[in-house]
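Colleague: I have a structure I would like to understand better, so I am pasting it below and will then ask my questions one at a time.
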Amino acid sequence: MTTQPPESFLELRDLRIHFPTEDGLVKSVDGLSYKLERGKTLGIVGESGSGKSVTSLGILGLHKGGNAKISGEIWLDGEELVSASADHVRTLRGKKMAMIFQDPLSSMHPFYSVGAQIVEAYRIHNRVSKAVARKHAIDMLGRVGIPQPDRRVDDYPHQFSGGMRQRAMIAMALSCDPELLIADEPTTALDVTVQAQILDLMTDLQREFNSALIIITHDLGVVAELSDDILVMYGGKCVEYGTAEDIFYRPEHPYTWGLLGSMPRLDREPTERLLPIKGTPPSLINVPSGCAFNPRCAFAGRTDGKATSQVPDLLETEGGHLVRCHMPRAERRSIWDNEIKPMLEST
Ligand SMILES: Nc1ncnc2c1ncn2[C@@H]1O[C@H](COP(=O)(O)OP(=O)(O)OP(=O)(O)O)[C@@H](O)[C@H]1O
Ligand code: SF4
Ligand SMILES: [Mg+2]
């Protein structure tokens, strides 16, 4: 039974994606809700293993048929996808939604040439001749920075370098002008110039087709300029959500402070981080009780013992800005203004 369709273009309601394994149940996504409108960009940030990719694979329906246990609702343009059939969700991939995968090899077929794969994807959704689709494939390969695209179009994925495969996959994802584009760490394997080209290409697409864009990354710096809203994920849950201004100028969650402190800066060596977050990401099988961040949080002692005994709710602090933390709001604000912000500015 599902509830009424939302007005938003994309809306996740209490999405859970759990994997039964020999070691126990892995709660990769554990009660995630968000909305995204057409023409807007959402940045999803969090450390490795926080559930960013699993959430997106869930939207694309790529867990259907596997052993994942999925509950909650995913509404895309008025259709609920968790309860939809795998066949139906497959027909939406390409034009309605597309994803740029973290691992390019996983989404390219080794036995078909790169061009043939783009042509096929394009012709599923566009009634054009093979020749027209081939020309489109060559254009797209050129736009993502593949040299001599009219020759490389007939190469097989293994003949491309890792960076070129990534670009080819981006060309494939963009070739049908998807209404929802999810880019999972789209630029990490690429050099700076190509990164800028790819990000430009995605924003062009968004402007031209009013598409909705989700950019997934470890690095808040990547999403700073591009995102309207930012969702910070920790241990399969959202811990802070707000506009890019909320997250950069008024962040209230200690984990977000840690991410801001560990952002690489242009004036430093890439390896030199300001305030690395101590400790390691939580186990998703035995999630720490209470606030999942408590073993790593410098402020856990300030919440009357609740940090280890109660899971904090995700609550609105102001104007759609949501925070999952037991500390009173005034205290969070004061710590940010008087302790964290001056420290980030001075180092
Ligand atoms: N099929 C699966 N079976 C069991 N566990 C899984 C499966 N797929 C993902 N996981 C686990 O779910 C968790 C979240 O994985 P996910 O790939 O979403 O992380 P991520 O935030 O994208 O990390 P990264 O930044 O490294 O890409 C990880 O602990 C991962 O090991
Ligand atoms: S609830 Fe406590 S442990 Fe969790 S982030 Fe807030 S202060 Fe830190
Ligand atoms: Mg990932």
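Colleague: Taking the criterion of being within 16 Å of ligand 1 (Cβ to nearest atom), out of contact with any strand residue (DSSP E or B) (no Cβ under 8 Å at 6 or more places or on another chain) and not in a helix (DSSP H, G or I), would at least one residue in the stretch 144-165 satisfy it?
Modeller: No: zero hits.
Colleague: How many of the residues making up the stretch 219-256 are assigned to a loop (DSSP other than H, G, I, E, B) and within 14 Å of ligand 2 (Cβ to nearest atom)?
Modeller: Of the residues in the stretch 219-256, 4 are assigned to a loop (DSSP other than H, G, I, E, B) and within 14 Å of ligand 2 (Cβ to nearest atom).
Colleague: In addition: Kindly establish whether ASP204 is surrounded by fewer than 22 Cβ atoms within 10 Å (Cβ to Cβ), among the acidic types (Asp, Glu) and more than 16 Å from ligand 2 (Cβ to nearest atom).
Modeller: In short, yes.
Colleague: If you take the residues in the stretch 242-289 that are among the small types (Gly, Ala, Ser) and more than 21 Å from ARG333 (Cβ to Cβ), which one is modelled with the lowest pLDDT?
Modeller: Among them, the one singled out is SER262.
Rundown of residues vs (1) small (Gly, Ala, Ser); (2) touching a Leu at 6+ places or on another chain (Cβ under 8 Å); (3) closer than 22 Å to LEU259 by Cα, yes/no style:
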{"position": "GLU22", "(1), (2), (3)": "no, no, no"}
{"position": "LYS35", "(1), (2), (3)": "no, yes, no"}
{"position": "ARG38", "(1), (2), (3)": "no, no, no"}
{"position": "LEU42", "(1), (2), (3)": "no, yes, yes"}
{"position": "VAL45", "(1), (2), (3)": "no, yes, yes"}
{"position": "GLY49", "(1), (2), (3)": "yes, yes, yes"}
{"position": "VAL54", "(1), (2), (3)": "no, no, yes"}
{"position": "ILE59", "(1), (2), (3)": "no, yes, no"}
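Colleague: Let me ask something else. Does the stretch 300-347 hold any residues that are among the polar types (S, T, N, Q) and surrounded by 15 or more Cβ atoms within 10 Å (Cβ to Cβ), and which are they?
Modeller: THR303, THR317 - these are the residues of the stretch 300-347 that are among the polar types (S, T, N, Q) and surrounded by 15 or more Cβ atoms within 10 Å (Cβ to Cβ).
Colleague: In addition: Just checking, does the stretch 315-337 include any residue being at pLDDT below 95 and either within 16 Å of ligand 3 (Cβ to nearest atom) or among the hydrophobic types (A, V, I, L, M, F, W, C) (or both)?
Modeller: Checked against the condition, which is being at pLDDT below 95 and either within 16 Å of ligand 3 (Cβ to nearest atom) or among the hydrophobic types (A, V, I, L, M, F, W, C) (or both), the stretch 315-337 yields no hits at all.
The values are calculated or read from the model by the stated rules, or taken from the named source; none is laboratory data. Keep in mind it's a predicted model, so treat the numbers as computed, not measured. FYI the Cβ positions are ideal-geometry reconstructions off the backbone, even for glycines, and counts take in every protein chain you see.
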